[in-house]
Amino acid sequence: MIEVLPESAGSGTHGGALLEVDDLHVEFRTRAGVAKAVNGVTYSVSAGETLAVLGESGSGKSVTAQTIMGILDMPPGKITGGEIRFRGTDLLKLPEDERRKVRGEGISMIFQDALSALNPVFPVGWQIAEMFRIHRGASRADAKKKAIELMDRVRIPAAKERVSDYPHQFSGGMRQRIMIAMAIALDPEVLIADEPTTALDVTVQAQIMELLAELQRDSNMGLILITHDLGVVADVADKIAVMYGGRIVENAPVHDLYRNPAHPYTKGLLESIPRVDLKGQELYAIKGMPPNLLDMPSGCAFHPRCPYRQETCTTDVPPLHTISGTRGSACHFWREVLDGDAQ
Amino acid sequence: MGRYAIRRLLQLIPVLLGTTFLINYMVWQLPGDPFAARCGQRACPDSYISAMRAQFGLDQPMLVQYWHFLKNLLSGDLGVNFNQVSVASQLADAWPITIRLGLMAVAIEAIIGIAAGVLSGLKRGGFIDNVITISTLFMLSLPIFVTGFILQWLLGVQLQWINPTVSDAATVGELLIPAFVLASLNLAFTARLTRTSIVENRRSDYVRTAISKGMTNRRVVGVHLLRNSLIPALTFLGTEIGSLMSGAIVTEGIFNIHGIGGLLFTAINNHDFTIVVPVASLLVLVYLLANLLVDLLYGVLDPRIRYE
């Protein structure tokens with residue numbers, strides 16, 4: 001069902017990107033005003049590559065993912081610009097019927113809370129089997145057999161006995177495995193995982209991340225991992241895009257970013273991770289509050305919280321400066337930020 | 001679930017005993033002698049009254065009377081009414097008509113109510129939604145007897161599309177408008193319940209999941225959304241079968257339908273308690289069984305409900 005491609009080495013440096021988000025703009029029109037949730041986000045993911053999108057609540061990371069899937073609530077949401085290219089085709093220009101075929105087959109998605117994301121009144125096996133029945137026209141019996149295979153594959157114990165159980169009869173980790181089984185059923189090329197481990201306890205988190213990494217190795221799919229948890233990212237990601245106030249403020253290969261962040265926000269995030277060697281000292285926290293999307297600060301959205309703030313930050317929006325081939329930072333003073341932390 | 005159903009059925013026994021005792025007790029306590037006025041212009045002779053009292057056991061203590069009622073009920077012998085006509089045969093004539101009327105009303109409630117609710121929930125704020133919201137509000141604010149008389153007058157007398165009254169045969173065609181009248185209140189409630197539940201579930205996570213699985217819009221709405229949204233509406237329809245029965249009394253009165261409602265209506269007017277007691281007891285039984293059915297159905301519709 002899922003073939004292991006021989007050229008899959010797990011590295012992120014394949015030819016063309018599978019999925020490219022290009023200068024995406026999304027806003028929400030609410031009674032209180034226009035909330036600019038996504039302001040010119042650009043990122044891409046290739047086969048076998050893992051992109052981690054990092055950011056706090058309201059940074060636009062989930063909205064971007066929902067726009068890729070086409071599950072954004074419109075209205076109040078509205079896409080005001082940009083392209084989302086999958087294998088070179090702009091998804092935003094596709095008619096709904098063709099767009100639908102991309103979902104599940106080409107790109108699929110798993111969500112944070114598997115209990116509410118699974119339909120409470122249908123057995124889990126039925127919900128997985130539905131993928132084969134609707135997309136592939138498989139018979140009920142065949143689809144059920146494949147559902148059991150998939151449940152085995154995501155390591156649900158006694159899959160055959162549990163195929164007719166309902167979501168509420170599973171534990172949180174098992175439910176997330178069912179979500180994953182459903183998402184990888186048709187062997188998609190890109191998997192978007194929106195905070196897949198946030199609702200789980202720490203040991204289960206690690207198991208789920210391991211499972212995702214293993215499935216990715218086997219099928220060579222591109223993985224977009226949306227999270228606010230820096231710890232989750234470090235082991236699995238190839239590259240990271242850090243979002244703040246609906247923009248990407250830094251993107252970098254994972255090791256470069258951890259070793260030497262080029263944006264004050266990233267730096268603040270890294271410093272606020274608890275560390276064993278600093279035990280007993282007060283934990284660092286970024287001062288201030290995340291920006292209000294209805295009333296964004298002028299200039300750089302991060303300037304009210306930024307220790308590197310200068311006059312120009314309050315007036316000019318910093319572009320995403322290219323630092324090197326694969327690195328970028330949307331900070332006027334990225335050189336100072338880099339220097340300050342260079343070994 | 002089997003054991004749960006048996007337990008619930010056993011629980012029906014004390015409830016039935018209690019309610020039938022109360023019904024028996026209360027009807028015989030009503031003021032007025034049921035036999036005193038049965039002799040036209042003249043007062044009834046004492047000999048007639050005491051003979052009737054003896055025949056129907058009114059001279060015996062309450063508990064003995066109730067015991068006789070239970071014994072007769074269990075042996076299937078409902079006796080005769082005050083006019084010496086078999087009660088069982090009157091019930092046998094009337095029940096099928098009321099059941100037909102009731103089933104038609106439930107079907108109308110379910111089909112039109114749910115369809116209207118789904119439509120208005122999906123097109124929330126649109127033209128159809130407004131039309132449905134206003135017309136259900138209209139239905140909700142009119143009591144059944146007003147709706148009944150208006151439709152009878154409009155369709156039966158003015159436009160002459162239907163017969164204003166229903167014949168003894170009470171065919172499905174003839175019962176259509178009475179059934180609609182009987183259904184009108186619950187129909188409006190069902191539509192509103194379904195609408196709310198569709199609006200609520202439409203933005204739910206599992207609907208979003210179904211879309212991201214690449215399901216067609218028809219399947220997302222018709223399978224994933226609908227199955228969850230129907231639960232409150234179906235529970236409501238089930239519990240309201242009992243109130244449908246009391247609505248049937250009014251509706252059958254308006255359209256001169258010779259069903260249980262009509263029978264009960266005349267019997268109450270004539271103080272003929274030999275009819276009132278068994279009919280009222282039967283209505284209680286229908287109500288109890290409908291409630292049990294709903295509880296069991298709820299478990300089938302929503303797997304999160306478990307019985308043990």
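Remark: the stretch B:2-74 carries 69 Å² of accessible area per residue (probe radius 1.4 Å; ligands, DNA and RNA excluded).
The distance linking the stretch A:105-183 with the stretch B:172-218 is 27 Å (Cα centroid to Cα centroid, whole angstrom). Take each residue in A:129-139, count the other chain C-beta atoms within 10 Å of its C-beta, and the mean is 2. Amide hydrogen proximity for A:THR80: with H placed 1.01 Å from N in the peptide plane, the residues at 5 or more positions away or on another chain lying under 5 Å are A:HIS25, A:VAL26, A:GLU27. For the stretch A:247-341, taking the reciprocal of the average inverse distance between every pair of different Cα atoms yields a Kirkwood hydrodynamic radius of 14.1 Å.
The HN-Hα couplings worked out from phi for the stretch A:113-124 by the Karplus form 6.51 cos²θ - 1.76 cosθ + 1.60 (θ = phi - 60°) are 9, 5, 5, 7, 7, 8, 6, x, 9, 10, x, 4 Hz, whole numbers, x standing for Gly and Pro. Simple spin-label estimate for A:ALA206 and B:TRP153 gives 8.0 nm between the two label positions (7 Å along the Cα-to-Cβ direction from each Cα). Computed per residue of chain A from DSSP H runs no shorter than four, each worth -39500 (n - 2.57), the mean residue ellipticity at 222 nm is -9500 deg cm²/dmol.
Bridgeable lysines around A:LYS145 (alpha carbons under 30 Å apart, same-chain partners fewer than 8 residues away excluded): A:LYS101, A:LYS160, B:LYS213.
Counting only alpha carbon atoms, the long axis of helix A:172-183 and the longest principal axis of chain A meet at about 80°. Among the chymotrypsin sites (Phe, Trp or Tyr not before Pro) in the stretch B:95-161, those placed in a DSSP loop whose Cβ has at most 11 other Cβ atoms within 10 Å are B:TRP161.
Applied to the stretch B:153-166, the Karplus parametrisation 6.51 cos²θ - 1.76 cosθ + 1.60 on θ = phi - 60° returns per-residue 3J(HN,Hα) values of 5, 5, 7, x, 8, 6, 8, 6, 7, 10, 6, x, 10, 9 Hz, with x for Gly and Pro.
Once Rg and the Kirkwood radius are both taken over the C-alpha atoms of the stretch A:19-237, their ratio Rg/Rh works out to 0.97. Across peptide A:61-70, the average count of Cβ atoms from other chains found within 10 Å of a residue's Cβ is 1.
As a length-normalised measure over Cα pairs under 8 Å and 6 or more apart, the relative contact order of the stretch B:110-229 settles at 36 percent. Computed over the stretch B:87-301, the P(r) curve from all C-alpha pair distances, binned at 10 Å from the origin, holds 8, 29, 31, 20, 9, 3, 0 percent per bin.
With all pairs of separate Cα atoms included, the protein assembly as shown yields a Kirkwood hydrodynamic radius of 30.2 Å. For chain A, the longest principal axis of the alpha carbon atoms and the long axis of helix A:96-105 meet at an angle near 80°. Computed from Cα atoms, the angle from the helix B:273-301 axis to the main principal axis of chain B rounds to 20 degrees.
Model label sites at B:ILE305 and A:ARG275, defined 7 Å from Cα along the beta-carbon direction, differ in position by 5.7 nm.
The 3J(HN,Hα) values that the Karplus relation (6.51, -1.76, 1.60; θ = phi - 60°) gives for the stretch A:150-160 are, in residue order, 5, 5, 4, 5, 8, 6, 8, x, 6, 4, 4 Hz. Gly and Pro appear as x. Over all orientations, the stretch B:2-74 has a Cα convex hull whose mean projected area works out to 6.4 square nanometres. Expressed as a fraction of 2.2 N^0.38 Å, the C-alpha radius of gyration for the stretch A:169-280 is 1.17.
The values are calculated or read from the model by the stated rules, or taken from the named source; none is laboratory data. These figures come from a predicted structure and were not determined experimentally. Glycine gets a Cβ as well: all are built from the backbone with ideal geometry, and neighbour counts include every protein chain shown. Calculation scope for accessible area: heavy atoms of the full protein, side chains included, ligands and nucleic acids excluded. Shrake-Rupley method; radii C 1.70, N 1.55, O 1.52, S 1.80 Å.
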